[in-house]
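Student: The structure that follows is given in the form of structure tokens.
Bear in mind these aren't lab numbers, they're just calculated from the coordinates by the rules spelled out. This is a predicted model, so every value here is computed, not measured. Here the Cβ is made from the backbone with ideal geometry for all residues, glycine too, and neighbour counts use every protein chain on show.
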Amino acid sequence: MMMMIDYLNLFIGALVLIIGILIGVAFLTLFERKILGYIQDRKGPNKMGFMGLLQPFCDAIKLFSKEQTYMYYSNYTIYYFSPILSFILSLMIWMLIPYYFNLISFNLGILFFLCCTSLGVYAIMIAGWASNSKYSLLGGLRSVAQTISYEVGLSLILLSSVILIMDFNLMKFSLYQSFIWFIFMMFPLSLCWMSSSLAETNRTPFDFAEGESELVSGFNVEYSSGGFALIFMSEYSSILFMSLMFSLIYLGGYNFNLIFYFKLIFISFIFIWVRGTLPRYRYDKLMYLSWKIYLPISLNFLLFFIGVKIFII
């Protein structure tokens, strides 16, 4: 009987988390459109409901009620399931959020994070290939090359933080940052992490997967209605998650209060602010940035923090 109650608690906790993420993603899209509107000296969505608050739900209803196009030359089953895979992966990764009220506790949370972000590459690759369109294939290939390149730097930057706390559990970050936040100790690394997470989530100025000027819309060019909505939701869910990771690792860890969520919203705002400010980068410079700048910096800092840790011990 106790076992059943435990499983029920686990299920209810996961359900509450998923509903929370979906509502968060909906309002993140509205937040982005409002911020971009004000950056471009205009109002964002302001007709639906009070100050446009119902706009995300109208978008969702519109997208999911549209007719799904069926392409004769696409590999239809894989084409249909890759957005679903992408969305499931972006939701699975949220199990990492340090809970005070659920039974999920990850001692190896950072490894789980790296595994899920690596698997996300396959969803994009399959989506680009299965559409059987040269534009989507090119967009998928560029996106995969970019994501894999930045994953190397991202994992090495993460390793520096792991060396400092000597644990893979994300709950430990709040213990080690009770006196000083890691952003003060690892300022250059935190900036590298920020721009790498922009590249990892395919956001401006690194949105080469959907370079409208040359690839129409990249790997998602053939998707419409529900499939496109799922790709869209998984992208915004990963933006929220990267903001969460930044807050956990560099801004004082997880404490169950409003300030933590304000920090998370502020980092999400930076993602949007960058989109409204910077033009798209050049692709070869993007690769140089990863392999010739971020990789040496992250390796050097990793050796430095290993030395610091040995010296302290």
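Student: So which trypsin sites (Lys or Arg not before Pro) in region 1-96 end up in coil per DSSP with only 14 or fewer other C-beta atoms within 10 Å?
Tutor: Answer in residue order: R42, K43, K47, K66.
Student: Given axes a ≥ b ≥ c from the Cα gyration tensor, I'd like to know whether region 1-67 is rounded (a/c under 1.5), prolate (a/b larger than b/c) or oblate.
Tutor: prolate
Student: If you don't mind, another one. In a GNM of the chain with a 10 Å cut-off on Cα contacts, which of F301, F262, F27 has the highest mean-square fluctuation?
Tutor: Taking springs between Cα atoms under 10 Å, the residue moving most is F262.
Student: When every alpha-carbon pair in the chain is counted, what percent end up more than 33 Å apart?
Tutor: So the pairs more than 33 Å apart make up 27 percent of the total in the chain.
Student: If we sort 290-296, 178-184 on the protection proxy, mean other Cβ atoms within 10 Å, highest first, what's the order?
Tutor: Final packing ranking: 290-296, 178-184.
Student: Now for a different question. I need the phi-derived Karplus couplings for region 128-135: 6.51 cos²θ - 1.76 cosθ + 1.60, θ = phi - 60°, integer Hz, Gly and Pro marked x.
Tutor: Running phi through 6.51 cos²θ - 1.76 cosθ + 1.60 with θ = phi - 60° gives x, 6, 5, 5, 6, 10, 5, 5 Hz.
Student: Then there is this: Which of F187, F112, F241 ends up with the largest GNM mean-square fluctuation for the chain, with Cα atoms connected below 10 Å?
Tutor: Fluctuation is largest for F187.
Student: Shape of region 217-313 from its Cα gyration tensor (a ≥ b ≥ c, root eigenvalues): rounded if a/c is under 1.5, otherwise prolate when a/b > b/c, or oblate?
Tutor: oblate
Student: List the chymotrypsin sites (Phe, Trp or Tyr not before Pro) within region 39-85 that DSSP assigns to loop and that have no more than 12 neighbouring Cβ atoms inside 10 Å.
Tutor: Hits after loop and neighbour filter: Y70, Y72, Y73.
Student: Here is a follow-up. Given the peptides 126-133, 85-92, arrange them by the average over their residues of other C-beta atoms within 10 Å, most packed first.
Tutor: Top of the packing list down: 126-133, 85-92.
Student: When the helices in the chain are scored as -39500 (n - 2.57) per DSSP H run of 4 or longer and the sum is shared across all residues, what 222 nm value do you end up with, to the nearest 500 deg cm²/dmol?
Tutor: -23000 deg cm²/dmol
Student: Sticking with this structure for a sec: Output the relative contact order of the chain, whole-number percent, from Cα pairs under 8 angstrom with separation of 6+ residues.
Tutor: Answer for the chain is 24 percent.
Student: Could you state the orientation-averaged shadow area of the convex hull built on the Cα atoms of region 1-144, in nm² to one decimal?
Tutor: Orientation-averaged projected area of the Cα hull: 13.0 nm².
Student: Evaluate E = 1/(1 + (r/R0)^6) for L303 and N132, where r is the Cβ-Cβ distance and R0 equals 41 Å; express this FRET efficiency to the nearest 0.05.
Tutor: Rounded to the nearest 0.05, the efficiency is 0.30.
Student: Can you pull the one-decimal nm distance between simple spin-label points at I293 and I270, each 7 Å off the Cα toward Cβ?
Tutor: Reported label-point gap for I293 and I270 is 1.6 nm.
Student: Mind listing the long-range amide H neighbours of D207? Cut-off is under 5 Å, sequence gap 5 or more, other chains count too, H placed in the peptide plane at 1.01 Å from N.
Tutor: Distant-sequence amide H within range of D207: Y281.
Student: Mind telling me which of E235, E32, E67 comes out most flexible in a GNM of the chain, alpha-carbon contacts under 10 Å?
Tutor: E67
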